[in-house]
Amino acid sequence: MRPLLLALPFALLPPTLAQAHQHAHKHDHTHAHNHEHAEHAEHAEHAEHAEHGSLGTHEHGTAELNVVLDGQTLEIALKSPAINLLGFEHAAKSAADRAKVSALQHQLQAPQTLLGLSSGDCSLASHTLESPLLAAEQAHNPHDQKHQHGDAEAAHDHDAEHSDIHAHYQFDCQQPDALKQLDLSELFKAFPGMEKIQVQLIGPAGQKGLELGQGKTTLSF
């Protein structure tokens, strides 16, 4: 699922930056290697500030959503501070906290309703949930092996992103032309701590960035 989403930041670069990136790769390999990290840092900085300056940051109340529709494949990646989804960011210690984490896992494993995906005849092909908080919950309630791998990897990143939750989804859509929009109203209702979502989208009509919130919940392709 990730190859399309990994291309998103570069696809959203202004044309001049994209041309500069292509030109750099035409240089002699030894020179390109010396400048590679500097170029990538510059591109990442521009991508993070394009449209919405808060993308890539950890901000309570704010989540990030990357959406790519390519042919019959729809990929969606949600990144949110845990406090938006759970009401806390610490490792679950009490039975009540563990129950909240378990309930969140079940919610995120059935994304069609949360994402308002009612058209396009789309079926969930694969998904991963990644967060140290979810990995810790597995010690109490082990679940499907395919989720354990992603959560275990996230546990190693505990110091860097100790309070973020990542959800990655890939859908197969039999009628992608009928997929006109996503309605995230149910997502905002389910998680009132999520006040706004910074969106980056690539679809048939092109690419765009926008901000959704309680008063604006619809994303059009």
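D164 meets the conditions (1) at pLDDT below 95; (2) surrounded by fewer than 21 Cβ atoms within 10 Å (Cβ to Cβ) in every case but one. The failed one is (2).
No other residue among A103, A95, A99 is surrounded by 12 or more Cβ atoms within 10 Å (Cβ to Cβ) and small (G, A, S) apart from A99.
The residue pairs whose first member lies in region 182-204 and is assigned by TED's automatic domain parsing to the domain that holds F88 and touching a residue at least 24 places away in the same chain (Cβ under 8 Å), whose second member is basic (K, R) and assigned to a strand (DSSP E or B), and whose beta carbons are closer than 7 Å, counting only pairs six or more residues apart or on different chains, are L201/K208. State which residue is modelled with the lowest pLDDT when the search covers only region 57-99 and only residues that are farther than 25 Å from E211 by Cβ and outside any loop (DSSP other than H, G, I, E, B). Per the stated criteria, the residue is D97. A search for C-beta distances below 7 Å between a residue of region 100-112 that is modelled with pLDDT under 90 and any residue that is surrounded by fewer than 18 Cβ atoms within 10 Å (Cβ to Cβ) and not in a helix (DSSP H, G or I), counting only pairs 6+ apart in sequence or on different chains, returns nothing.
The values are calculated or read from the model by the stated rules, or taken from the named source; none is laboratory data. Here the structure is a predicted model, which is why all the values come from computation and not from measurement. All Cβ positions, glycine included, derive from the backbone under ideal geometry; neighbour counts span all protein chains shown.
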